[in-house]
Amino acid sequence: MIDLGALGLRDYLLIAAVLVGGYLLLSLPPLLRILGKRRAGTPEPPGAGPTTALSEAPALPGDEPRDESRFARFAPQSVPGDDGRGGGADDFSRELAASSRDLEIRRLRQEMDQVRADMARLSEEVSVMRAARNVSPQYSEAMTLALQGESPDGIAARCDISLGEAELVAALARGKTGAGFDEADGGRYTDN
């Protein structure tokens with residue numbers, strides 16, 4: 001056995017050079033064969049263009065035209081040595097293109113769900129702001145509490161206003177949100 005501790009830097013560089021040279025010698029003939037066929041101008045079979053599989057993909061609702069060139073690297077290509085009976089690299093490249101499209105669709109659906117959630121949250125905030133805008137500034141805190149479901153007693157105590165004023169603010173909030181006051185629920189407003 002060789003003692004690796006006894007080898008020097010020069011020996012390691014020599015071993016690396018031999019390994020790289022051997023790799024190049026083994027990979028050179030197939031590369032030359034591929035380059036030779038491309039230079040000879042062998043025609044591609046019909047339908048093997050880079051956008052064939054992408055142009056046949058079904059359109060999704062709301063799809064807009066987009067740049068398909070970024071998917072061209074996944075589209076089926078002619079492979080030297082392929083006898084045209086299907087299978088092999090063509091099937092793999094079709095699966096890869098389909099997988100890429102599925103992944104993008106999944107990502108877009110996640111983004112769409114996130115946008116919908118953001119829109120619902122913003123819509124709720126806008127409705128609260130509209131309700132607060134129609135109220136005098138001295139009652140804005142009372143309106144906020146009423147929209148959150150606070151009882152008129154709680155609103156009157158926290159905002160230092162009369163019970164009648166608190167009930168009026170609560171009625172305004174109920175009219176904006178469709179909520180109702182429920183004594184059985186601890187005196188909190190609930191959605192109808």
Legend entry - ³J(HN,Hα) computed for each position of the stretch 136-146 - Karplus, 6.51 cos²θ - 1.76 cosθ + 1.60, integer Hz, glycine/proline x: 4, x, 6, 9, 5, 5, 5, 5, 4, 5, 5
Inset, instruction - Just grab the label-to-label distance for Leu14 and Gln148, each label 7 Å out from Cα along the Cβ direction, in nm (one decimal). - result: 8.1
Legend entry - Computed lengthening from Leu24 to Gln114, 0.36 nm per intervening residue step minus Cα-Cα distance: 27.4 nm
Inset, instruction - Go through 141-152, 156-167, 8-19 and give me the packing order, highest mean Cβ count within 10 Å leading. - result: 141-152, 156-167, 8-19
Inset, instruction - Provide the FRET efficiency to the nearest 0.05 for the Arg107-Ser127 pair, computing r from the beta carbons and using R0 = 41 Å. - result: 0.85
Inset, instruction - Enumerate the calculated ³J(HN,Hα) couplings along the stretch 91-108 in order (Karplus 6.51 cos²θ - 1.76 cosθ + 1.60, θ = phi - 60°), each rounded to whole Hz, writing x wherever the residue is Gly or Pro. - result: 5, 5, 5, 5, 5, 5, 5, 5, 5, 5, 5, 4, 5, 5, 4, 4, 5, 5
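Where a number appears in this text, it was derived from the coordinates with a stated rule and is not lab data. Only a predicted model underlies this, so the values are computations on that prediction, with no experimental measurement involved. Because the Cβ atoms are built from the backbone with ideal geometry, glycine has one as well, and the counts that use them run over all protein chains shown.
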